[in-house]
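Chemist: One structure follows; several queries about it will come next.
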Amino acid sequence: MDTIAAPAFLDLAWTPAPDGRLVAPRTALFEAALAVASRGMEAAGIVPQGGLVAWDLDRAPGEPVLARRLAAWERVAREEHARREARAAARRPAPTGEVDAVQAGLRELLESSAWAFGSRVDLADRFAQERSLSPAQAAFARDILRDARSLIRSVDARLAEPAGAEELAQSEGEQRRADLLQACRAISAKDEDRARDANSIGWDAPSSASGHRLAGRESLSPHEGAHAYRLVRRHRRQLPADLRDRLGM
């Protein structure tokens, strides 16, 4: 049958039915219109019929009322369809390559520098382990990874700043720096809250990031040892007695 020249509406392609009505295969726009304008369309004779849409033109209002209503239903249907498409897109998994790269970065930092995620460490771990991520989750995971890397760069810049002469003197000798590294690790091990709670356990807020960064080193350079001495001295009461004695604190 030939397509009927009916008003353009919801991407429907009308053909005549034996009973005198028009019928067309249902479209995505029609499904959206059903959610927001079904009563009005039904009153105008436009109703679903299985996998088709049927239109009884005898029930439709005359022009220009019909034109105004069709335009209004088309507008709200397209708005609803756009919302549905956005929701569907948000639920679809992000491209595998992008997710793999983000998850690899998260896992690497969780292994080496979990402290850099702060209060979002559990989220980072969750995103690193998920089998797939939605675009929104992937974007959030990228933000978490970006912020952690930015914090590490900031800490490294801070630790690259000049140290005082007294602190440098206190970091002379490999054994001395090994003891300072052990002290950083001992305090970091107590800093489970990443200095979020004022409980005098672990590092304080100004020292936490730098302390954890130094604790993750395999060994300390003289310059790093100087910064470690400055940080550890403020938290010396938390050190084991023998280590505190070796460091003269």
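Values in this text are rule-based calculations from the coordinates and carry no lab data. Note that the structure is a prediction, hence the values are computed from the model and not measured. Heads up, the Cβs are rebuilt from the backbone with ideal geometry, glycines too, and the neighbour counts pull from every protein chain shown.
Chemist: Using all alpha carbons of the stretch 63-104, what is the percent of pairwise distances in each 10 Å bin, ordered from the shortest bin to the longest?
Modeler: With 10 Å bins starting at 0, P(r) equals 24, 25, 20, 15, 10, 5, 0.
Chemist: Same structure, new question: If you average the C-alpha positions of the stretch 127-143 and of the stretch 1-55 separately, how far apart do those two centres end up, in angstrom?
Modeler: Spelled out, the Cα-based centre of one part sits 41 Å from the other.
Chemist: Once label points are set 7 Å from the Cα along Cα→Cβ at both residue 166 and residue 75, what is their separation, rounded to one decimal in nm?
Modeler: 7.5 nm
Chemist: Same structure, new question: Give me the percent of Cα-Cα pairs in the chain that sit more than 28 Å apart, rounded to a whole number. Could the numbers behind the result be given before it?
Modeler: Working: 17909 of 30876 pairs.
So the portion of pairs separated by more than 28 Å is 58 percent.
Chemist: Whole percent per 5 Å bin, from 0 to the bin with the longest distance: what is P(r) over all C-alpha pairs of the stretch 1-122?
Modeler: Taking every Cα pair in the stretch 1-122, the percentages come to 2, 10, 15, 16, 12, 7, 5, 5, 5, 6, 6, 5, 4, 2, 0.
Chemist: Ratio of Rg to Rh for the stretch 87-234, alpha carbon only, Kirkwood?
Modeler: Numbers: Rg = 18.1 Å, Rh = 16.6 Å.
Rg/Rh: 1.09.
Chemist: When all C-alpha to C-alpha distances in the stretch 203-243 are sorted into bins of 5 Å, what percent of pairs does each bin hold, rounded to whole numbers?
Modeler: Answer for the stretch 203-243: a P(r) of 5, 23, 31, 27, 14, 0 percent.
Chemist: May I pose another question? Run lengths n ≥ 4 of DSSP H only: what is the helix-derived mean residue ellipticity at 222 nm for the chain, with -39500 (n - 2.57) per run over all residues, to the nearest 500?
Modeler: Numbers: 10 runs with 147 residues, N = 249.
The helix contribution divided over the chain gives -19000 deg cm²/dmol.
Chemist: State the extension gain, in nm to one decimal, for the chain segment bounded by residue 39 and residue 156, taking 0.36 nm per residue of separation less the distance between their alpha-carbons. Please list the in-between numbers first.
Modeler: Working: separation 117, 0.36 × 117 = 42.12 nm, distance 6.45 nm.
Additional length available on full extension: 35.7 nm.
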